[in-house]
Amino acid sequence: MIITVFRSRLLPGVDTEYGESASEMSQLAVSMPGFISEKTFVADDGERVTIVLFADAASQRAWRDHPAHRRPQERGREALYSEHSLDSATVTYSSSHRGDAIS
């Protein structure tokens, strides 16, 4: 499994454009083979964090390099983000628990 963590802060006045683009990119991710999950959080100080999981590196690269994803990446760097960072890694351990799980 591959985890991608994208952190960003927006420039003033770009919320609407960013929101539309983010929605389209979320729909693209969900449609890609190997997609597992995506979740975005916004901190009180304005930092945005998106966590995306794909089944394997090939699936993650296909999403990363998809032409419909490349254009918004460039637009974000040029005109939407005051700062951003991206980390991607192979998950070597995973554990979960649900309190409502049936024993």
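Here, each number is a calculation from the coordinates, and none is a lab measurement. Keep in mind the model is a prediction, meaning the values are calculated, not measured. Every residue, glycine among them, receives a Cβ derived from its backbone with ideal geometry; neighbour counts consider all protein chains shown.
Near L10, the amide H atoms lying under 5 Å from its own belong to S82; only residues 5 or more places off or on other chains count, and H is placed 1.01 Å from N. Net charge around K39, counting only other residues with Cβ within less than 14 Å of its Cβ (Lys, Arg = +1; Asp, Glu = -1)? It works out to a net charge of +1. A Gaussian network model of the chain, with springs between Cα atoms under 10 Å, assigns the largest mean-square fluctuation among V52, V30, V14 to V14.
Here's the picture: charge each Lys and Arg Cβ at +1 and each Asp and Glu Cβ at -1 in the chain, and of S88, T16, S59 the one pushed furthest to the positive end of that dipole is S59. Every helix of 4 or more DSSP H residues in the chain counts as -39500 (n - 2.57), and over all residues that averages to -10500 deg cm²/dmol at 222 nm.
Using +1 on the beta carbon of Lys and Arg, -1 on that of Asp and Glu, and nothing else charged, what's the dipole of the stretch 2-90 about the Cα centre, debye to 20?
Details: 10 positive and 14 negative charges, 57 e Å.
Approximately 280 debye in magnitude.
Of the chymotrypsin sites (Phe, Trp or Tyr not before Pro) found in the stretch 45-103, those in coil by DSSP whose Cβ has at most 10 other Cβ atoms within 10 Å are Y93.
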